[in-house]
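Structure, as structure tokens:
No value in this document is a laboratory result; all are computed from the given coordinates. These figures come from a predicted structure and were not determined experimentally.
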Amino acid sequence: MKTKYTILLVMVFWYAVTCSNRPKPEDLSSGITGQVLLGPMTPVVRSDKIVPDKPYQARIKILDEKRELVTEFETDADGKFRVPLVPGTYIISPVAPRPNMPPHPEQKTVTVEKGKFLETKVLFDTGIR
């Protein structure tokens, strides 16, 4: 009985190590960096009084092309983040703080290239119009 558990444990460990989509140390030179912004901040946009979008702290999920979770993290207080990823195509999926209520997060698809950090903006729509 003990042997069966040992074999099962070894198989689970092997699967976790070989099938993980987490970056290996040599892959830490690529990923996504950026900032989450909340906007618009006013109902009317005027050319003489521009109100910029505000930094927004948020929870972000990174999904692969099959929509499987790769990683999940929270931005800093200024909405900034940096996440190492192996090269590939990913979906940035911000988590709504209150589902079906503003602010509404906007998903986006990005492609990470080897040796580069892609800079991007992630938007949460306030619904103010």
**OP:** List nothing, just return the count: lysine pairs in the stretch 23-125, 8 or more apart or interchain, with Cα separation under 21 Å.
**Re:** 19
Original post:
Rg(Cα) of the stretch 46-105 divided by 2.2 N^0.38 Å?
Top reply: 1.38
Original post:
Viscosity 0.692 mPa s, temperature 37 °C: Stokes-Einstein D of the stretch 23-125 from its Kirkwood Cα radius, in µm² per second?
Top reply: 227
